[in-house]
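Take a look at the structure below.
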Amino acid sequence: MPEEYRLILKHADAPKYSNDIECYMKHGGYKALTKALKLKGKRVEGKGVIPPQEWIREEVKASGLRGRGGAGFSCGLKWSFVDRRSGKPIYLICNADESEPGTFKDRQIIYKDPHQLIEGMIISAYANDVNLAYIYIRGEFVEGAKILNKALDEARKKKFLGKDILGSGFNLEIHVHRGAGAYICGEETGLIESLEGKRAYPRIKPPYFPAILGLYMCPTIVNNVETLCAVKHIVADGSEAFAKLGTPNNTGTRIVSLSGHVKNPGYYEIEVGKATIGELIFNENFGGGLREGRELKAIIPGGSSAKVFKAGETFKMKGKDKKGNPIDKEVDLLDLPYDFDSLMAAGSMSGSGAIIVMDDSTDIVDALSNVSEFYAHESCGQCTPCREGSLWMSKALHRMTHGEGRKEDADYLLNIAQNIQGRTICAFGEACSWPVLSFVKKFKPEFEARGAEDEQRKAEEVSD
Ligand SMILES: Cc1cc2nc3c(=O)[nH]c(=O)nc-3n(C[C@H](O)[C@H](O)[C@H](O)COP(=O)(O)O)c2cc1C
Ligand code: SF4
């Protein structure tokens, strides 16, 4: 039976563990930073001696670490895109906005082990020649911001931050910036605009790829809290040790936020791909199953913007197993390994690592209406398809949940969603249209029945 594997949350819930620096150091904290700052250049075949900063970047690439914020993009590759020749300063931003509904993992790290994030950030900054970094934390996390500021002060006093860190000649300052309280502030270019003091309007890519034209039009790295914590462990234990965790191409651990109709909702850290969706929902050491007498109806596997899965779905999976043997088989939803590639192959994504479970008591039209209302409220309004479309979808669904459905509503919703995706400045267009496309396609009879019932009831009212 798969179990939790706690790498990043190792100390989070340990008795007597506190979030102050003394406790962190007693458990080996800041040793990885000391190691990183003492590294000498490394001889690499074909490249000669590379500086320690480049070596750390190579280690992160070799570890296979993929971003934990949503897209699952290779961290090492992202770092390799940074424009290091522009002569401009390079910035590092930690994305602690954690705004994707269903997600509640980054806040656990911040509340319980903030120094782990700070150490990961200092190492990442050192590796990327960054002298000024920011933690952009969601505005509502007032307590989280306080904890981080206290932890940063403690780190400054111990000379892990500031000028000439531990006598290495490396200088770094980290500031906490409280967000503006909108979902779109979590989108990296919207976040950058917000950090610059403006409204969080996402920027168009190209040309505004953060690695080239980011904060103050300078090269910028934006990484999620969990991603930056993983960097600390890659430096502490080596890329090979990290890559041994998880499965090929899906290395390391992942913190899963499990919510909805399970007996034990909560956060669980697993080796990526070592537990299936079914195990996460039903095993005693994870979700513990559904409420008594209930059956599974649907699962949103990666935060509310991920496409929904319907209970009983199967997927044709092709690829290679752990030993490299080819796979070509039909896999049941519950047997899907919880990793980036399997969920993508099944037509959805593991996104922010948030699984939302719905049992058969769920009114699926209501559930989608709830999700759509959120997206209509959060659209920044720059792009017409997103601004208007998200509102039209939400209004139609609101109508349907208030006895005013129409037979053609299902197709109407699909039509709007299809006209949003791929036609917007940022991926919010997909975030608001994917739930509609997947819910309506997979549960079409429920949507059609709702419209038909309402029309019939109204016709009967008129004839009365
Ligand atoms: C609408 C929207 C909201 C997002 N919200 C968050 C968020 O709250 N936290 C986060 O880390 N990434 C969020 N992202 C992803 C970021 O844009 C970015 O890809 C991520 O912070 C990169 O970090 P990573 O490579 O470490 O995953 C969001 C993306 C979109 C499109
Ligand atoms: S897709 Fe939506 S959220 Fe993104 S820029 Fe356009 S209007 Fe704003």
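Here, each number is a calculation from the coordinates, and none is a lab measurement. This structure is a prediction, so every number in the text was calculated from the model and none was measured. Positions of Cβ are generated from backbone atoms using ideal geometry, with glycine treated the same way; all protein chains shown enter the neighbour counts.
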Legend entry - Among beta bridges that DSSP assigns inside the chain, antiparallel share in %, nearest 5: 55 percent
Inset, instruction - Would you mind working out the magnitude of the charge dipole of the stretch 1-127 relative to its Cα centre, with +1 at each Lys and Arg C-beta and -1 at each Asp and Glu C-beta, to the nearest 20 Debye? - result: 640 debye
Legend entry - Fraction of antiparallel bridges per DSSP, the stretch 252-359 only, in percent to nearest 5: 85 percent
Inset, instruction - Give me the net charge of residue 299's neighbourhood, meaning all other residues with Cβ under 10 Å from the Cβ of residue 299; Lys, Arg count +1, Asp, Glu -1. - result: +1
Inset, instruction - Arrange the following residues from fewest to most other Cβ atoms within 10 Å of their Cβ: 442, 157, 78. - result: 157, 442, 78
Inset, instruction - Measure out, as a whole number of angstrom, how far apart the alpha-carbon centroids of the stretch 122-200 and the stretch 220-265 sit. - result: 20 Å
Legend entry - Overall form of the stretch 128-210 per C-alpha gyration tensor (a/c, 1.5; a/b vs b/c): oblate
Legend entry - Efficiency of FRET from Cβ geometry, residue 329 and residue 1, R₀ 25 Å, rounded to 0.05: 0.65
Inset, instruction - Using amide H atoms built 1.01 Å from N in the peptide plane, name the residues 5+ places from residue 224, or on other chains, whose amide H lies under 5 Å from its own. - result: 68, 69, 95
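Report the local net charge at residue 255: Lys and Arg +1, Asp and Glu -1, summed over other residues whose C-beta lies under 15 Å from its C-beta. Please list the in-between numbers first.
On the way: positive: 6, 10, 66, 68, 105, 107, 112, 232, 254, 274; negative: 3, 4, 13, 98, 100, 106, 113, 226, 269, 271, 339.
Once all neighbours under 15 Å are counted, the net charge is -1.
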Inset, instruction - Please determine, in degrees from 0 to 90 and to the nearest 10, the orientation of helix 114-127 with respect to the longest principal axis defined by the Cα atoms of the chain, where the helix direction is its Cα long axis. - result: 70 degrees
Inset, instruction - Give me the aspartates and glutamates in straight-line cross-link reach of residue 35: C-alpha distance below 13 Å, same-chain residues under 8 apart excluded. - result: 119, 237
Legend entry - For residue 331, net neighbour charge (Lys/Arg +1, Asp/Glu -1) across residues whose Cβ lies under 10 Å away: -2
Inset, instruction - Choose one of 349, 19, 391: the residue whose Cα lies farthest towards the positive end of the charge dipole of the chain (beta-carbon charges +1 Lys, Arg; -1 Asp, Glu; about the Cα centre). - result: 19
Inset, instruction - Would you mind pulling out the separation of the Cα centroids of the stretch 361-388 and the stretch 25-90, in Å? - result: 39 Å
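Determine the dipole magnitude for the chain: charges of +1 sit on the beta-carbon of Lys and Arg, -1 on that of Asp and Glu, nothing else is charged, the reference point is the Cα centre, and the result goes in debye to the nearest 20.
Values: 63 positive and 64 negative charges, 491 e Å.
Approximately 2360 debye in magnitude.
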Inset, instruction - Determine the dipole magnitude for the stretch 310-451: charges of +1 sit on the beta-carbon of Lys and Arg, -1 on that of Asp and Glu, nothing else is charged, the reference point is the Cα centre, and the result goes in debye to the nearest 20. - result: 440 debye
Legend entry - Neighbour-count order for 339, 359, fewest beta carbons within 10 angstrom listed first: 359, 339
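How would 401, 362, 384 line up from fewest to most surrounding beta-carbon atoms within 10 angstrom?
Details: 401 18, 362 15, 384 11.
Lowest count first: 384, 362, 401.
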Legend entry - Among 239, 122, 36 - extreme Cα towards positive end, dipole of the chain, charges at beta-carbon: 36
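Using helices alone, what [θ] at 222 nm do you get for the chain, with -39,500 (n - 2.57) per DSSP H run of 4 or more residues, divided over all residues and rounded to the nearest 500?
Estimated from H runs of four or more residues: -12000 deg cm²/dmol.
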Legend entry - Under 5 Å, built H, 5+ apart or other chain: amide partners of residue 261: 357, 358, 359
Inset, instruction - Quick one: work out the % antiparallel among DSSP beta bridges in the stretch 43-159, nearest 5. - result: 30 percent
